[in-house]
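J.: Pasting in a structure now, in structure tokens, and then I'll have a few things to ask.
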2 protein chains.
Amino acid sequence: MREKKTAVDRELERLLGDGPGSRLFEAMRYAVLPGGKRFRPLLLLVSGEAFGGEAGTLLPYACAVELIHNYSLVHDDLPCMDDDDTRRGRPSCHKAFGEGPALLAGDGLLSLAFEVLAGAPADAAGSGRKERAVLEIVRAAGVRGMIGGQWLDIGYAGSAVPEASYDDLISKKTGALILAAVKAGAVLGGADAAGLSAMEEFGRNVGVAFQLRDDVLDSGKEAEGDGARTRPNSVALFGTAGAKERLERAVGRAVAALDGAGMRSEELRYLAYGLLILDEGGGHE
Amino acid sequence: MREKKTAVDRELERLLGDGPGSRLFEAMRYAVLPGGKRFRPLLLLVSGEAFGGEAGTLLPYACAVELIHNYSLVHDDLPCMDDDDTRRGRPSCHKAFGEGPALLAGDGLLSLAFEVLAGAPADAAGSGRKERAVLEIVRAAGVRGMIGGQWLDIGYAGSAVPEASYDDLISKKTGALILAAVKAGAVLGGADAAGLSAMEEFGRNVGVAFQLRDDVLDSGKEAEGDGARTRPNSVALFGTAGAKERLERAVGRAVAALDGAGMRSEELRYLAYGLLILDEGGGHE
């Protein structure tokens, strides 16, 4: 798993290597490197390899997903959105580079993700795997996915969010890209219909678990938050014990989905069980 | 040409038809509809048909280019960028919907463009036309294209820009997407190497002419501008007469590129010559 993370980090460094208007690239690198756990790209790589996909084929898609994730963080941190001054323990992109530059750096990361997807090697003629994997990812990034989720999120700023809406919000804002990483990996690896269906169930539950874990970790440090606004939060909805219980159930369902589906599932299980480790050091951002 | 514009407008309306979080879609529609002259999508359609491409095949790409253009307008108008309160004679998107919503609407338009490209019908196996056309468009939208140009533009805010840098800025900020529309159309229409090379020369000069015309038109209304900042401008660099002369030369070079290249070029000439009409009513935005 460590090797996979290194491969992702190296490829991201290469993609964000020097470019024209190099301060723009500097802002983009700042937002992406050194970065977090690379949970989403690892999920994509592991999902693909579970069906026999090759790391080299999967890597561009994994990096595209991570670029999309990081663009969303840069834009969400802006003053007109969540107004967060820090990210990963240092000034957020707009605090370090200014708002206009951060806006453009976010646009640049999103666009670069699409360049990477568009430029990924073509399929063997007729397999259509590239096309399907690209569609999974761009739809997850889009208005019916992450952007729709963030829209709901800012709409609930400071007000209580009903449970049903919370689920919808999270499935879009956080869940969509995680599910897309799982499905794109499986498609590229050559999963059949049964395999895809198992991975869909796995990915959906991993997305839910990821957000629940995030909420539980966040609630532990509420006092020191910069208090920009109250976010819709499962701990507020269900209490810490309730959220933890739901987290365990979601991980259980994710892992159960893999049983009998016939793929190599050790690393998938490893990533899912990792979501149960509730300490900061193990935190996925 | 009017029929083509109607087809583009209809397809854009369909793409922006009701969606989840419908106020998000409302903001996106506000930014795109009723909209301007649709110069870029028309250019793509006409470039494709010049080589025998079919309108139905070309239309998604044409709409994607227009969505990308409009996302860039929404983001460029934001207070942290050009800070423009009006666009097409009415409040700009963030004035009408708020800054956070406008940021998301812009992200949404860009993402929708990529969804449309990714979802465009696949090629006949092995032709690779879709893949090449998509690459032209996403690269033009990216950090080495429009975003790099806007980066240069905000960097020169309020200061004089040297002529060489002006050319670089314009070729990215305005020229890249126009050139990509021309090349993507030609690729989809099945242009051979000679045809593509002619279209590249055509597209490059149309991009230059487009910006010169825009500068000349803008300079006429300088007094009523909202004065947010001084933009790099060919009229400031070359004077009005100098800019007009360059405009005529660029259109001349664009049209000359078509001679002897063997495609049906009447409509291409029509669009190029249209750039010489210097009145507001004929303005391309």
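The values are calculated or read from the model by the stated rules, or taken from the named source; none is laboratory data. Keep in mind the model is a prediction, meaning the values are calculated, not measured. Virtual Cβ from ideal backbone geometry, glycine too; neighbours counted across all protein chains shown. Side chains are part of the model used for accessible areas, which takes the heavy atoms of the whole protein and leaves out ligands, DNA and RNA. Shrake-Rupley method; radii C 1.70, N 1.55, O 1.52, S 1.80 Å.
J.: I'd like the FRET efficiency for B:L33 and A:D218, computed as 1/(1 + (r/R0)^6) with the beta carbon distance as r and R0 of 45 Å, rounded to 0.05.
T.: 0.70
J.: Peptide B:199-211: average number of partner chain Cβ atoms within 10 Å per residue?
T.: The mean count of partner-chain Cβ atoms within 10 Å per residue comes to 0.
J.: Average the reciprocal distances over every distinct pair of alpha-carbons in segment B:2-282, invert the result, and give the Kirkwood radius in Å.
T.: The answer is 19.1 Å.
J.: While we're looking at this one, here's another question. How far apart, in nanometres, would the label points at B:T86 and A:K5 be if each is projected 7 angstrom from Cα along the Cα-to-Cβ direction?
T.: 5.5 nm
J.: I'd like to know how segment B:1-145 sits against the 2.2 N^0.38 Å rule of thumb: what's its Cα Rg over that expected value?
T.: Computed over Cα atoms of segment B:1-145, the ratio equals 1.06.
J.: On the accessible surface of chain A, probed at 1.4 Å, how many percent belong to carbon and sulfur atoms?
T.: 49 percent
J.: Which residues' amide hydrogens lie under 5 Å from the amide hydrogen of A:R87, considering only partners 5 or more residues apart or on another chain, with H built in the peptide plane?
T.: A:S92
J.: Just the accessible area for A:F210, please: 1.4 Å probe, Å², rounded to the nearest 10?
T.: Near enough 10 Å² of accessible area.
J.: Right, something else. If I take R0 = 41 Å and measure r between the Cβ atoms of A:A241 and A:E54 in this structure, what FRET efficiency does the formula 1/(1 + (r/R0)^6) give, to the nearest 0.05?
T.: It comes to 0.40.
J.: Using a 1.4 Å probe and ignoring any ligands, DNA or RNA, find the accessible area of B:Y71 and quote it in Å² to the nearest 10.
T.: For B:Y71, the solvent-accessible surface is approximately 10 Å².
J.: Another one. Report, for A:I277, each distance to the same residue's label point in the other copies, shortest first and in nm; define the point 7 Å along Cα→Cβ.
T.: Nearest first, the other copies' label points are 6.7 nm away.
J.: Considering every residue in B:129-142, what mean count of other chain Cβ atoms within 10 Å of its Cβ is obtained?
T.: 4
J.: In percent, how large is the relative contact order of segment B:2-282, given Cα pairs closer than 8 Å and 6 or more residues apart?
T.: Relative contact order of segment B:2-282: 20 percent.
J.: Can you list the lysines whose alpha carbon sits under 24 Å from that of A:K183, skipping same-chain ones fewer than 8 residues off?
T.: Straight-distance partners of A:K183: A:K4, A:K5, A:K37, A:K130, A:K172, A:K173, B:K130.
J.: By what distance, in whole Å, do the Cα atoms of the protein assembly as shown stretch along each of the three principal axes, largest value first?
T.: Extents along the principal axes, in whole Å: 73, 51, 41.
J.: So, one more: Would you mind computing, in nm to one decimal, how far apart the modelled labels at A:A96 and B:S127 are, each placed 7 Å from Cα along Cα→Cβ?
T.: With each label placed 7 Å out from Cα toward Cβ, I get 4.5 nm.
J.: Next question. So for the pair B:E200, B:E13, with labels modelled 7 Å out along Cα→Cβ, what separation do we get in nm?
T.: Spacing of the two 7 Å Cα→Cβ label points: 4.0 nm.
J.: If you take the accessible area of A alone, add that of B alone, and subtract the area of the pair, what total do you get in Å², probe 1.4 Å, to the nearest 100?
T.: Roughly 3800 Å².
J.: I'd like to check one number: the per residue accessible area of segment A:2-282, probe 1.4 Å, reported in Å² as a whole number.
T.: Heavy-atom accessible area per residue stands at 39 Å².
J.: Ordered by residue, what ³J(HN,Hα) values in Hz, to whole numbers, does segment A:252-268 give under the Karplus form 6.51 cos²θ - 1.76 cosθ + 1.60, where θ = phi - 60° and Gly and Pro are x?
T.: In residue order, the calculated couplings are x, 5, 4, 5, 4, 5, 7, 5, x, 8, x, 9, 6, 10, 4, 6, 4 Hz.
J.: Next question, about the same structure. Averaged across A:233-243, how many Cβ atoms of other chains sit within 10 Å of each residue's Cβ atom?
T.: 0
J.: Taking all protein chains together and a probe of 1.4 Å, list A:C93, A:C80 from the most accessible to the least accessible.
T.: I get A:C80, A:C93, largest accessible area first.
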